[in-house]
Amino acid sequence: MVNRRIKFIAHYIVFSMVVALVAFTAGLKPGIILGLSWGIGLASHGFSAVVAPMLRQRWAEKVPEAPLAPMMTPERRILEGRHARSLEELSASIAHEIRNPITAAKSLVAQIGEDPSSLDNVEYARVALEELDRVERSIAHLLRFARDEEIVMGDTQMSEIVDSALETFRDRLARGNVAVKRTVDTDGAMRADAEKIRRVVINLVQNALDALEEGSVLEPCIEVSSGENLARTDVWLRIRDNGPGIPADRLPHLFQPFYTSKKTGTGLGLAVSKKIVDAHGGSLEACGAPGMGTEMTLTLPKGRP
């Protein structure tokens, strides 16, 4: 506002000097004509620089504060409602996920206290510790899910990330006689946080192994394929197992926090993975059917070359 007033004063000085010079050299009539024609612009400048800010401030002070709710658009209210429902569902899931193990551990400790010399106390203590470990894992995953981790972008390759992730499960793959079939079209050079994407791939492979073990598959196999889209703008990774598959009604809930069908799962692995992928501007999708295995597809933008 101060700069506008200074510019207006400068404009007024130039206007006055030019009009006076024209009136002195060319006569009074040309000076008046120039002053009137130029004065319209000068008046408009003065109004916007001096008068308008004063009126705006005076009128703004007289406007009563209106409640926010009536001014909200229907779309905004829908989003607010969805957000509130999501928080309610998440809170209920947290309470359920943590309360059940604590209740079980409390009951077992109470039984130990009733008969300290019982031979079953060792087993009771073991199960109670397992339940408390479950609570600890749930809280750790919850904190990771809730925390906004910094994404450190760098040049990396999808093939290197996959190799590193599979190496983590080398012993487990050997013990379970799980065959791994790899199909790599390109190295998948891209800009990404390699460690966080590696965490995502580890989670996807672990889920595939868990499904194969829980389904007692006779010839377990995991297919890992990767490549780029035709436009060379995205890198994709597909991990498919020949496990028991996923019912159609469960697919929409896979990435919801605390949603799991595993006996010892926290239900936050895929939720955290989805959050990491979203932070990269990518996508993580699942498909499958009972008896047809499960397929997870990870897509990430390559970023700048």
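Remarks
- Verdict on R144 being in a helix (DSSP H, G or I), modelled with pLDDT under 90 and out of contact with any strand residue (DSSP E or B) (no Cβ under 9 Å at 6 or more places or on another chain): yes
- Selection within the stretch 6-38 - of a type in the set (G, A, S) and at pLDDT 75 or above: A10, S16, A20
- Entry remark, the stretch 35-51: residues being within 18 Å of M17 (Cβ to Cβ) and in contact (Cβ under 8 Å) with a residue 24 or more places away in the chain number 4 in total.
- Residue in the stretch 213-234 that is under 26 Å from A174 (Cβ atoms), among the hydroxyl-bearing types (S, T, Y) and at pLDDT 90 or above present: yes
- Residue check for S107: hydroxyl-bearing (S, T, Y), in a helix (DSSP H, G or I), open to solvent by less than 50 Å² (accessible area, probe 1.4 Å) and modelled with pLDDT of 70 or more: no
- The set of residues in the stretch 161-196 being open to solvent by 60 Å² or more (accessible area, probe 1.4 Å), assigned to a helix (DSSP H, G or I) and of a type in the set (S, T, N, Q) consists of T168 alone.
The values are calculated or read from the model by the stated rules, or taken from the named source; none is laboratory data. Please read these numbers as outputs of a predicted model, since none were measured by experiment. No Cβ is skipped: glycine too gets one built from the backbone with ideal geometry, and neighbour counts run over all protein chains shown. Remember, those area values only see protein heavy atoms, side chains included, never the ligands or the DNA or RNA. Shrake-Rupley method; radii C 1.70, N 1.55, O 1.52, S 1.80 Å.
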